[in-house]
Amino acid sequence: MSHDPRFAGLRLLVSAGPTYEDIDPVRFLGNRSSGKMGFAIAAEAAALGAEVTLIAGPVTLPTPAGVRRIDVRRVLEMRAAVLAELPGQDAYIAAAAVADYMPEHTAAQKIKKTGDTLTLILVKTPDILAEVANHADRPRCVVGFAAETAELERYALGKLREKRLDMIAANDVSQPGVGFECDDNALTVFSAEGKHEIGHGTKAEVARELLGLVAERLGRTP
Ligand code: C5P
């Protein structure tokens, strides 16, 4: 695959994968994100000639060629890594499935099964994407992902406005064959200008089309 002049020198920060929030030394709260969509975006962008930094949650995927990868586990580590890498980025694509809540405390020792019930107190995590979109070093193009099981458009448009994003790529994870744990995807990308459907394809194909929208947004024309 050859470089594309639209991506020459473009600096792209991508987050991918789940986060694991530790309950104790052997247990955690996680989610079903495989990291494949974010890794595909990083791989395609690097192949097109962009300078890509990938902040990866706990996944077993290989690092795509030409991509600088930083591994993290918890939301707080992901946040620190994203903010440290933010200066000078042209675009941020938040493809990670970041936990919305984390345990208030991580137990230092394995929790024993002494009672019939166990209550965990969870606290809200910082919203990394919203923080990036409102940051002094905000990249010119900030893209979020919305995995929804119902009312895709309403939730996606809500997030676009509330988090002050340039684009939000929404997928209906209740549909078989798209989204989590799959090799394929289909996205509806919302922006202030309207919506763009990216039809069903491999995550690499979908990533490439999404990157085309990012380049357009940054005023990079073929
Ligand atoms: O609000 P919701 O979690 O559905 O938004 C999803 C988008 O926000 C994704 O792009 C995800 O990476 C990002 N996010 C984040 N920090 C959080 C929660 C979500 O960056 N704490």
Somewhere in segment 18-35, is a residue open to solvent by less than 20 Å² (accessible area, probe 1.4 Å), polar (S, T, N, Q), closer than 24 Å to residue 216 by Cα and at pLDDT 95 or above? no
Which one of these is of a type outside the set (Phe, Trp, Tyr) and under 17 Å from the mean Cα position of the chain (by Cα): 201, 144, 115? 144
Hits in segment 134-152 - residues which are within 22 Å of residue 37 (Cα to Cα), more than 8 Å from the ligand (Cβ to nearest atom) and of a type in the set (A, V, I, L, M, F, W, C): 141, 142, 150, 152
Residues of segment 134-158 being at pLDDT below 95, open to solvent by less than 70 Å² (accessible area, probe 1.4 Å) and either touching a helix residue (DSSP H, G or I) at 6+ places or on another chain (Cβ under 9 Å) or of a type in the set (Asp, Glu) (or both), in sequence order, are 146, 148
Report yes if residue 171 is under 14 Å from the mean Cα position of the chain (by Cα) and among the polar types (S, T, N, Q), otherwise no. yes
Among the residues of segment 159-168, how many are touching a helix residue (DSSP H, G or I) at 6+ places or on another chain (Cβ under 9 Å), more than 8 Å from the ligand (Cβ to nearest atom) and not in a loop (DSSP other than H, G, I, E, B)? 2
Run residue 88 past the list (1) of a type outside the set (Phe, Trp, Tyr); (2) under 29 Å from residue 28 (Cβ atoms); (3) away from the ligand (no atom under 14 Å from the Cβ) and report the number of the one that doesn't hold. (2)
Matching option when the condition is hydroxyl-bearing (Ser, Thr, Tyr) and without any contact (Cβ under 8 Å) to a residue 24 or more places away in the chain, among 119, 188: 119
Could you tell me which of the residues 57, 66 is touching a Gly at 6+ places or on another chain (Cβ under 8 Å) and either within 20 Å of residue 144 (Cα to Cα) or at pLDDT 95 or above (or both)? 57
Residue, most open to solvent (accessible area, probe 1.4 Å), within segment 92-133, restricted to residues that are over 30 Å from residue 25 (Cβ atoms) and near the ligand (Cβ under 9 Å from one of its atoms): 130
Does residue 149 satisfy the criteria of being closer than 21 Å to residue 58 by Cα, polar (S, T, N, Q) and in contact (Cβ under 8 Å) with a residue 24 or more places away in the chain? no
Please specify each residue of segment 49-64 satisfying the condition of being outside any loop (DSSP other than H, G, I, E, B) and touching a helix residue (DSSP H, G or I) at 6+ places or on another chain (Cβ under 6 Å). 52, 53, 54, 55
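The values are calculated or read from the model by the stated rules, or taken from the named source; none is laboratory data. These numbers were taken from a predicted model, which means no experiment stands behind them. Neighbour counts run over all protein chains shown; Cβ positions are idealised from the backbone, glycine included. Heavy atoms of the whole protein, side chains included, go into the accessibility calculation; ligands, DNA and RNA do not. Shrake-Rupley method; radii C 1.70, N 1.55, O 1.52, S 1.80 Å.
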